[in-house]
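Okay, handing you the structure first.
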Amino acid sequence: QRAFATSDLVFLAAPIHAIRRWLDPALTYAALVTDCGSTKRELWRTARASPAGARFVPGHPMAGIGAGAARGGPAAELFEGWPWILCPEGVDPRALEAVEQLVSLVGARPVHMAAIQHDWAVALTSHAPRIAASVLTALVEREGAFVAAGPAFERLMRGAGGSPEMWRDVLETNADQVARALRVVVAALGACADELEQGEVGRSLETLA
């Protein structure tokens, strides 16, 4: 509590359920609170239930280990040029502006999204791809096909696996959107499979374009 009370800005960077547990104490004592969690709706709802909830700016930097290297730069460029999503619904404009300034200082691009919009977007760009990559990696291992895996497979499967503790929180707080994303992907893959079974390749080629 003392650390919160003497801080101008508190960053909560932990698994989602841990952030949610710390959110109310942080808002009680700290002047401004933001987070780096991978889902936003649960945290947004928790903050809205607090009298000081307007001082919480839900945030999600879209970067991680290797982000700098992915663009040929050092790890110090972790956030450089990447979006940092902020959810402005119900947030004090002064709090939002303060976090935006900090985000810009580390080289990231502030991007505004509603909490539900954020959770659907990351279901498509992160959560569902992680599950799909993990399923395919397990299939390749089961079929003894790793001997044929080259650099292309390694790049595609880089997102496979992960910490069960962290991902449990992510999936539990975004289950509906991840399920929706997976069903959309499965439907698209099923259509490709149906066409290929008929000896046609047009739909599959379109996906590669």
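The values are calculated or read from the model by the stated rules, or taken from the named source; none is laboratory data. Source: prediction; values computed, not measured. Positions of Cβ are backbone-derived with ideal geometry, glycine not excepted, and every protein chain shown enters the neighbour counts. The protein model used for the area step is the full one, side chains on, heavy atoms only, and it has no ligands, DNA or RNA in it. Shrake-Rupley method; radii C 1.70, N 1.55, O 1.52, S 1.80 Å.
Enumerate by residue number the GluC sites (Glu not before Pro) in segment 114-177 meeting two conditions: DSSP loop (anything except H, G, I, E, B), and at most 11 other Cβ atoms within 10 Å of the site's Cβ. Can you show the working numbers first?
Numbers: sites: Glu141, Glu143, Glu154, Glu165, Glu172; in loops: Glu143.
Sites meeting the loop and neighbour criteria: Glu143.
While we're on this one: Using the charge dipole of the chain (Lys, Arg: +1 at Cβ; Asp, Glu: -1 at Cβ; taken about the Cα centre), state which of Ala133, Trp44, Met62 has its Cα farthest towards the positive end.
Comparing the listed Cα positions along the dipole, Trp44 ranks first.
Can you give me the accessible area per residue for the chain, using a 1.4 Å probe, in Å²?
On the way: 12120 Å² over 209 residues.
Heavy-atom accessible area per residue stands at 58 Å².
What do you get for trypsin sites (Lys or Arg not before Pro) in segment 144-191 restricted to DSSP loop and a cutoff of at most 15 other Cβ within 10 Å of the site's Cβ?
Details: sites: Arg155, Arg158, Arg168, Arg180, Arg183; in loops: Arg158.
Sparse-neighbourhood loop trypsin sites (Lys or Arg not before Pro): Arg158.
Tell me the mean residue ellipticity at 222 nm calculated for the chain from its helices only (DSSP H runs of n ≥ 4, each -39500 (n - 2.57), averaged over every residue, nearest 500). Walk me through the intermediate numbers first.
Numbers: 11 runs with 112 residues, N = 209.
Per the formula, -16000 deg cm²/dmol.
Leaving out ligands, DNA and RNA, and with a 1.4 Å probe, what % of the accessible surface on the chain is carbon or sulfur?
60
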